[in-house]
Amino acid sequence: MNCLRLHTPALLCGVILLLLTACQARKHPGGTQAHHHHHVPCFSQEQLQAGEVPMHYVSRAVHWDRYAPVQMVPYLEQAQRDRSRRRRRHPEPGCPTLQLAAGAHSEANERSISPWRYRIDEDENRYPPKLAFAECLCNGCIDTKTGRETTALNSVLIHQTMMVLRRKPCPRDAPATFAFDVDYIRVPVGCTCVLPRSAP
């Protein structure tokens, strides 16, 4: 009787360990060292063209249309179409002369003493594939007294970190399908003036 009392806890521990091992083996047929294989969503080219990636792959809480670099793309495309219809050549980027009198009717990027313009950056392996990128028009900044560029200050880009998806071939045995990885990129959204770096 005393012997049974002494060995009962050890016996129970052994039985529990055997049961746990059996459960693990059933969960992982390849043995206890088997790893989980996460399901990777794959999309066909037809689905990508239909714009179904955001709804199926990422959380509904992610709204790319709230990002300025996405919002501006349709306006930039319309401006390009308007210039094409009028057969006007887009002016070469350069540091403009500040027109103080016309400032009230201009956009912020035109009124800035570090003015910038936007271009459409396209990447077919990224979602969103089109983003508006800012480009500084001056190396220096515009003097508010003369309206002309001065090198007393430098123009530098301002960046916004944005989540995007990167397209890659699907790891499954499914030809012509794609999967996506989450990536974070720095998008140039404007320009500002800074003091020049000190000479070494």
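Since every read-out is calculated from the coordinates, none of them should be taken as a lab result. The shown structure was predicted, so the numbers you read here are calculated from the model rather than taken from an experiment. Note that each Cβ is placed from the backbone with ideal geometry, even for glycine, and that neighbours are counted across all protein chains shown.
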Placed amide H near residue 116: partners under 5 Å, 5+ positions off or other chain:
137
Obtain the nm distance between the two label points defined at residue 145 and residue 85 by a simple spin-label model: each point lies 7 Å from its Cα along the Cα-to-C-beta direction.
4.6 nm
Which ³J(HN,Hα) values, rounded to whole Hz and listed in residue order, are derived for the range 177-189 from phi using the Karplus coefficients 6.51, -1.76 and 1.60 in 6.51 cos²θ - 1.76 cosθ + 1.60 with θ = phi - 60°, glycine and proline given as x?
10, 9, 10, 9, 10, 7, 9, 10, 10, 9, 9, x, 10
Residues in the range 120-137 near a label at residue 156, defined as backbone nitrogen under 16 Å from the 7 Å Cα→Cβ point?
136-137
For residue 190, enumerate residues with amide H under 5 Å from its amide H, sequence gap 5+ or separate chain, H modeled in the peptide plane.
134, 158
Counting only residues 5 or more apart in sequence or on a different chain, those whose built amide H sits under 5 Å from that of residue 170 are 177, 178, 179
